[in-house]
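Values quoted throughout were computed directly from the atomic coordinates according to the rules given, and no laboratory measurement underlies them. All figures in this text were calculated on a predicted structure; none of them were measured in a lab. No Cβ is skipped: glycine too gets one built from the backbone with ideal geometry, and neighbour counts run over all protein chains shown.
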Amino acid sequence: MLDPLKLIDSLIVEPSLDLLVFAAIALAAAFSSFMVVQSKNIVHSAIYLAGMMIAIAALFITLNAEFLASIQVLVYVGAVIILVLFTIMLTRKEVLE
């Protein structure tokens, strides 16, 4: 016969260091993505986007997917964010007074 208390105990996850690190990085990624949307300055928004992508790469590392983490950093942080920042700098217009 199944004991319901043993079943409930088996479903409860004990907090470990891996889980706490994953949760902290996930919160950092969520905060950065929220700040991307809420930031009034577009350069700050691009920097928050880079931080979010680095946090996603850190999540890949915690999941033992180092190759995906390196591709995330090289392609997204290294190329896309630099492209966004250069585009912002080149197309910025001066405000006429």
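With all pairs of separate Cα atoms included, the chain yields a Kirkwood hydrodynamic radius of 16.1 Å.
Multiplying the residue separation of Asp3 and Leu19 by 0.36 nm and subtracting their alpha-carbon distance yields 3.0 nm. Between the helical axis of 42-62 and the longest alpha-carbon principal axis of the chain there is an angle of about 30 degrees. Each residue of the range 21-27 was assigned a 3J(HN,Hα) from its phi angle through the Karplus curve 6.51 cos²θ - 1.76 cosθ + 1.60 (θ = phi - 60°); the sequence is 5, 4, 5, 5, 5, 5, 5 Hz, with glycine and proline shown as x.
Normalised size of the range 40-97, defined as Cα radius of gyration per 2.2 N^0.38 Å with N residues, equals 1.41.
Model label sites at Ile82 and Ala26, defined 7 Å from Cα along the beta-carbon direction, differ in position by 3.3 nm. Using only Cα atoms, find the angle between the long axis of helix 81-91 and the longest principal axis of the chain, and express it within 0 to 90 degrees, rounded to the nearest 10. With rounding to tens, the tilt is 30 degrees. Exposure proxy ranking for Phe60, Phe31, based on other Cβ atoms within 10 angstrom of each Cβ and starting from the fewest, stands as Phe31, Phe60.
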